[in-house]
Amino acid sequence: MDPRDPHRRHLIRASLALGLATVAGRVWAAPKADARLLVVFLRGAYDAANVVIPTGGDFYYRARPTLAVARPNPANPAAALALDADWSLHPSLRDTILPLYAKGQAAFVPFSGTDDLTRSHFETQDTIELGQTVGAARDYNSGFMARLAAELTRVRPIAFTEQIPLIFRGPETVPNIAINGVAKPGVDARQAGLITAMYRDTPLGAAVAEGFRVRDAVYQSVSEHQAEADRGAVSPKGFELSARRIGRLMREQFNLGFVDVGGWDTHVNQGAATGYLADRIGELGRGLSGFVEEVGPVWTDTVVVVLSEFGRTFRENGNRGTDHGHGSVYWVLGGGVRGGRIAGPQVRSDEAHLFQNRDHPVLTDYRSLLAGLLRRLYGLDPASLRRVFADAAPADLGLV
């Protein structure tokens with residue numbers, strides 16, 4: 001048949017629309033996207049060591065004199081929550097993620113990440129979203145979730161973002177919808193002006209004016225730095241408020257979703273059992289719990305993967321915060337997940353096992369983790385997996 005024949009082109013388009021492909025003269029159907037997958041990207045590099053906490057050793061407490069969360073103690077509501085003999089969960093997740101873990105619907109994979117060593121938010125976020133071989137030439141029009149969607153039939157992808165994220169860039173257009181919520185100072189500029197005027201001719205006038213000036217300068221500096229790390233991602237509070245909406249859409253209309261959540265670049269005053277990070281983690285946990293409730297009966301066929309571009313330094317810095325690191329902890333949640341455990345290869349969280357004497361090492365490459373998960377979730381064959389994650393050997397951690 002002449003390749004220019006319009007009838008032939010019509011047949012090709014029809015085959016592609018039905019999810020069919022031809023390999024060595026054989027027609028086969030691509031795997032079906034019957035399961036639901038939501039990827040939650042924590043932009044800014046969340047401090048995994050203060051969320052899934054290595055409480056089984058002493059080094060964590062020596063390395064974090066002001067940031068460490070107390071060892072598990074049922075009598076102390078601010079203490080970490082034991083997951084096993086070595087690991088514990090931040091107390092802000094007591095009512096949200098811990099019950100999922102107890103039901104075997106949540107697993108944590110420590111020492112996860114990428115071999116990208118730039119410690120740059122932009123570079124490493126791009127690395128994660130593209131899912132391509134580190135060091136090779138990058139194709140910025142080929143995100144790994146777009147490549148995954150191309151391997152599936154009955155797939156209905158969506159990005160819960162203001163713009164199409166890199167992870168969904170590809171030949172097919174993916175719909176996107178923004179979810180909103182940005183934290184700002186509790187007293188706005190007009191109110192600050194009124195308060196300043198109220199105290200202007202009093203002994204407190206100078207102190208009040210200076211207080212608002214310092215507050216505004218700090219907020220501007222922090223928010224500008226945070227905006228760079230977050231790249232337009234919704235705040236954790238915004239995610240908490242919108243997660244049920246995401247769950248409803250994933251239950252009724254879509255089965256392959258992505259959302260990014262910012263606010264995790266904690267260089268200063270990070271906090272321990274309480275404080276900035278604890279508040280953000282609490283909001284994330286409540287958002288995920290609301291998502292679970294909203295997807296309802298399809299939770300058994302839903303998987304949520306929570307990841308970040310890299311971890312943070314194991315030792316706290318001089319500003320009671322943490323800096324850009326390497327290895328992180330990924331979360332895998334779902335009604336059909338084989339959870340209630342810490343999965344993947346591990347080493348002790350001690351000084352001898354630090355990467356470059358500063359970070360958790362990466363023992364599970366994120367592409368291998370996801371390739372193994374996708375193989376089990378969708379039944380992808382080796383050729384399909386290579387098209388999604390070239391040069392990545394699937395790691396079967398038995399998560400589904």
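The values are calculated or read from the model by the stated rules, or taken from the named source; none is laboratory data. Bear in mind that the values here come from a model prediction, so they are computed numbers and not experimental data. Neighbour counts run over all protein chains shown; Cβ positions are idealised from the backbone, glycine included.
So that you can scan it fast, the table gives a plain yes or no per residue for (1) at pLDDT 95 or above; (2) outside the structural domain of Thr161 (by TED's automatic domain parsing); (3) over 21 Å from Asn317 (Cβ atoms):
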{"position": "His7", "(1), (2), (3)": "no, yes, yes"}
{"position": "Ile12", "(1), (2), (3)": "no, yes, yes"}
{"position": "Ala21", "(1), (2), (3)": "no, yes, yes"}
{"position": "Ile53", "(1), (2), (3)": "yes, no, no"}
{"position": "Val69", "(1), (2), (3)": "yes, no, no"}
{"position": "Asn76", "(1), (2), (3)": "yes, no, yes"}
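Taking into account only those residues within segment 277-324 that are among the aromatic types (Phe, Trp, Tyr) and part of a helix (DSSP H, G or I), which is nearest to Ala78 (Cα to Cα)?
Phe291
Residues to consider are Gly379, Gly372; find the one that is in the same structural domain as Arg315 (by TED's automatic domain parsing) and on the phi < 0 side of the Ramachandran plot. Don't jump to the end; show me each part of the working.
Numbers: Gly379 fails: on the phi < 0 side of the Ramachandran plot.
So the residue among Gly379, Gly372 that is in the same structural domain as Arg315 (by TED's automatic domain parsing) and on the phi < 0 side of the Ramachandran plot is Gly372.
If I filter segment 334-352 for residues that are touching a residue at least 40 places away in the same chain (Cβ under 8 Å), in a loop (DSSP other than H, G, I, E, B) and on the phi > 0 side of the Ramachandran plot, do I get at least one hit?
yes
Asp126 versus (1) over 28 Å from Arg376 (Cβ atoms); (2) assigned to a helix (DSSP H, G or I); (3) not hydroxyl-bearing (Ser, Thr, Tyr): which is the lone unmet condition?
(1)
Do we find a residue being touching a Lys or Arg at 6+ places or on another chain (Cβ under 9 Å) and charged (D, E, K, R) anywhere in segment 373-380?
no
Listed residues Leu100, Leu89; which is closer than 18 Å to Gly287 by Cβ and free of Cβ contacts under 8 Å to residues at least 40 places away in the same chain?
Within the list Leu100, Leu89, the selection yields Leu89.
Let me confirm something: among Tyr366, Tyr378, which residue is within 30 Å of Tyr61 (Cα to Cα) and of a type in the set (Phe, Trp, Tyr)?
Step by step, each of Tyr366, Tyr378 is checked, and only Tyr366 is within 30 Å of Tyr61 (Cα to Cα) and of a type in the set (Phe, Trp, Tyr).
Within segment 311-321, does at least one residue satisfy the condition of being of a type in the set (A, V, I, L, M, F, W, C), farther than 17 Å from Leu42 by Cβ, touching a residue at least 40 places away in the same chain (Cβ under 8 Å) and crowded, with 21+ Cβ neighbours inside 10 Å?
So far as segment 311-321 goes, yes, one or more of its residues are of a type in the set (A, V, I, L, M, F, W, C), farther than 17 Å from Leu42 by Cβ, touching a residue at least 40 places away in the same chain (Cβ under 8 Å) and crowded, with 21+ Cβ neighbours inside 10 Å.
If I filter segment 331-353 for residues that are charged (D, E, K, R), surrounded by fewer than 24 Cβ atoms within 10 Å (Cβ to Cβ) and within 23 Å of Ala35 (Cα to Cα), do I get at least one hit?
Yes, some residue in segment 331-353 is charged (D, E, K, R), surrounded by fewer than 24 Cβ atoms within 10 Å (Cβ to Cβ) and within 23 Å of Ala35 (Cα to Cα).
Would you confirm, using the coordinates I've provided, whether Ala137 is farther than 21 Å from Leu374 by Cβ and either small (Gly, Ala, Ser) or part of a loop (DSSP other than H, G, I, E, B) (or both)? Outline the logic, then answer.
Numbers: farther than 21 Å from Leu374 by Cβ: yes; either small (Gly, Ala, Ser) or part of a loop (DSSP other than H, G, I, E, B) (or both): yes.
Considered against the rule, which asks whether it is farther than 21 Å from Leu374 by Cβ and either small (Gly, Ala, Ser) or part of a loop (DSSP other than H, G, I, E, B) (or both), Ala137 comes out as yes.
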